[in-house]
Structures are given as structure tokens and as C-alpha cells.
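The structure appears right after this line, and notes come after that.
Nothing in this text is a laboratory measurement; each read-out follows from the coordinates by a stated rule. Source: prediction; values computed, not measured. Glycine also receives a Cβ, built like all others from the backbone with ideal geometry; neighbour counts cover every protein chain displayed.
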Amino acid sequence: LSHTDISKAAVIGAGVMGHSIAQVFAQNGIETSMVDLDQTKLERAMVLIKSNLETLAEYGEIHKSDIVEILKRIHPTTDLRFACKDTQFVLEAINEFIEAKQKIYALLDEYCSADTILASNTSGLDVFSFVKINNPKRLIITHWFAPPYIIPLVEVVPGEQTSKETVDTTINLLKSMGKRTLLLKQFVPHFIINRIHSAIETAMWEMIENDWITPEEMDLAVKDVFGIRLPIIGIVQKIDFTGLNLYFDGAKDTGNHNARIEKLIEEGHLGVQTGRGIYDYGDRTEAEIIRDRDLKFLKLRDYLNKIDAFKPV
Ligand SMILES: NC(=O)c1ccc[n+]([C@@H]2O[C@H](COP(=O)([O-])OP(=O)(O)OC[C@H]3O[C@@H](n4cnc5c(N)ncnc54)[C@H](O)[C@@H]3O)[C@@H](O)[C@H]2O)c1
């Protein structure tokens, strides 16, 4: 099965994620059944999808005249069996409960053809360990981020039995829909982004619960600093700008001995100041590298100000 063969998909669960993932499929020309247990959830989902598409049209991302056609490609239904008929790709986005997921996969196994790809949007559950289906080669995790019609990344996680064909078809499908994919080598609970997120949240709640800072101050502080730096230098390259020796000593003080950084320091690589740290800067001088960073920082800072990003939404 090649990604170009996928003309019909089903999204199971029309909640926060399901409805907007169904929207992305439909925006990309795929006939998409959207399934929920609850008719009122489906109605709410259609209202939200229409509103999302109008926002995208207002911004110029899609043509207003395309909205009707996109909406026509989404088929809301409570009938799972009907939704699975002739479907090549199923995206499961029901509630994050093991038992509920086990039940829905048993039904999907029964209703879908044996080579239909079954992709879970789980935020971190090891579906490979508890989902029992025929042909587990076609089971995969695609973890989207809200809102899926804007955020480019989808994490793709294969299980031990997932076939290379399933991985390739899934990645090609996502790429054809304009997504960037991050393929994990193996399943790790909560994948990459949510693991970072939960570390941030642990620190965040400690500070808020201890009354060291208000929630509003927290968000403003984070936007003022991370908001400008993170999109340009990420969290790894930032260490090159800090300087590896300073970073290493600081980490050691908090009990984290970093062998990778220590080795780079021993080899004389201190980051931007020596033209090589975790990243290799080629033959650019320190001043040139800093200039390249700063021009981007300045543009981003001013743009964030222009769109009022430092005020709460
Ligand atoms: N909310 C997020 O930001 C986010 C981000 C990434 C991944 N996820 C994951 O995506 C999945 C869905 O999350 P959500 O936030 O959209 O949940 P949600 O509660 O908003 O929506 C879940 C929907 O699934 C429906 N449902 C439950 N059982 C069903 C069944 N058997 N058949 C059909 N529909 C059924 C519910 O009625 C509900 O409308 C979860 O696995 C979650 O961990 C969520």
C-alpha cells in the first residue's frame, strides 16, 4: 500500500484532536469518516471544523471557496462498521484509557480490511503491548499536536512488529499533507515532546504551588525568554551559546555529570566561541555566528510584539 493509494480514511473520536485531524485529511483531498459514540460531539466537531477553516481562509492559508468542498469530504457518523468500509487508513483518537482503546481496536480489527493501517494518536500509551489485532504489522502511533492544522510536527512511533511498509506509507502520507515527521527508533512512553513538556510542568507547578510566582507571571516570563530564544536556537544549540565549559560546571554543581559535554571540552570544543560545540559551525567566526543568531532574535522579538504575543490570548 502506497500513500497515494489512500483515498479514504476514518478518524475515530471527534474530540479535541479527532475533529481537527479529520479536517487535515479532508483539506488534503481524502474522503474522511469521522466517528464518535455521541451525535452531539459530531455536531460540535462540524461547527469547530467550519470555524477553523474560516480562520485559515481569513489568514490566506486556504481559499474561502474551497471550504464547502473540504466540509463535504468529512462524513460524521456513529456507525463504526460503515466508516471502516473501504478505508485504507484509520486514525484513532478516542480517550486515553487502555480498556477503551483495547475495545475499539477489537472492533477495528473486525470491521476494517486486514491491511488497513491503524494509527493511534495516543499521547504516550504503549498500544503495542495491549492491542490485540490480526496483522500487527499495520499498527503504528502517529502523535499529532494541537492544533493539528497548524503545528507541523507529527511524532511517528513504530512497535516491534510494525512493518517498514507501514512506517514508510504513514510517513509519506503525513509528508504529502505538509507535515514534518519525527520517527522514533522505538517506543518510549510519552515520546519526545511530551517528555520535555512534563519536565517543564514539574518545575512550573513547584513554583506556582509554592506561591513563588503567579500563573500569569510564569507565562509572561517564559514568553519573554523562551519565546524569543527557543524558536531560533532550540534547547540543544543553546548550550553552544552558553559555552560548554560553563554549562558543564553548572550541571556538575547540580549533580549531573555530562560525559558527552566533557569529551567535547577535552577535545577543545567549547561551543560558538571555538566554532564547534554540539553543533559544528564550519569556518564562521564567533562574531558571525552571534550576528546570524541576533538578526533572527531581533526579527522574532519585534514580530511577537507586533502580534501582541506578550499579552495572554
Ligand atoms: N488533547 C490534546 O492536546 C492531545 C494531543 C495529542 C494527543 N492526544 C491524544 O489523542 C486522543 C484523543 O484525545 P482528545 O483530547 O481528542 O480527547 P477528547 O476527550 O476530546 O475526545 C475523545 C472523543 O472520543 C470519543 N470516543 C470515546 N470512545 C469512543 C469509541 N469507542 N468510539 C468512537 N468515539 C469514541 C468521545 O466521545 C470523545 O468525543 C487521546 O489518546 C489523547 O491522549 C491528545
Cα-based reach from K238 at 24 Å (exclusive), listing lysines while leaving out same-chain residues under 8 positions away: K223, K252, K263, K296, K299
Zero-based 10 Å bins, Cα pair distances in segment 4-44, whole percents: 33, 52, 14, 1
Nearest 10 degrees, 0 to 90: helix 39-59 Cα axis against the chain principal axis: 50 degrees
Relative contact order [Cα under 8 Å, 6+ residues apart], segment 147-224, whole percent: 29 percent
Radius of gyration and Dmax over the Cα atoms of the chain, both given in Å: 22.8, 64
Computed E for D292/F226 - FRET, C-beta separation, R0 30 angstrom, nearest 0.05: 0.95
Efficiency of FRET from Cβ geometry, T242 and S51, R₀ 41 Å, rounded to 0.05: 0.45
Amide H contacts under 5 Å for A10, placed H, 5+ residues apart: S33, F89, V90, L91
Contact order normalised by residue count of the chain, Cα under 8 Å, 6+ apart, percent: 12 percent
Hits among aspartates and glutamates - C-alpha to C-alpha of K50 under 18 Å, sequence gap 8 or more where chains match: E31, D36, E58, E61, D66, E69
Approximate spin-label separation K72-S7, in nm, with each point projected 7 Å along Cα-to-Cβ: 1.6 nm
Unit charges on C-beta of K, R, D, E only; dipole of the chain, Debye: 700 debye
Alpha-carbon gyration tensor eigenvalues x 5, square-rooted, for segment 244-306, Å: 28, 17, 7
Cα pair distances exceeding 19 angstrom across segment 175-313, given as percent: 67 percent
Equivalent ellipsoid dimensions for segment 155-206 as semi-axes, Å, which come from the Cα gyration tensor, largest first: 28, 14, 5
MRE, 222 nm, helices only [DSSP H, n ≥ 4, -39500 (n - 2.57), over the chain, to nearest 500]: -15000 deg cm²/dmol
Efficiency of FRET between D253 and N210 - r from beta-carbon atoms, R0 35 angstrom, step 0.05: 0.95
Protection-proxy order for peptides 254-262, 276-284, each taking the mean of Cβ atoms within 10 Å per residue, highest first: 276-284, 254-262
q = 0.09, 0.17 Å⁻¹: log10 I(q)/I(0) that the Debye formula gives for segment 122-237, counting C-alpha atoms only: -0.35, -0.95
For A45, net neighbour charge (Lys/Arg +1, Asp/Glu -1) across residues whose Cβ lies under 11 Å away: 0
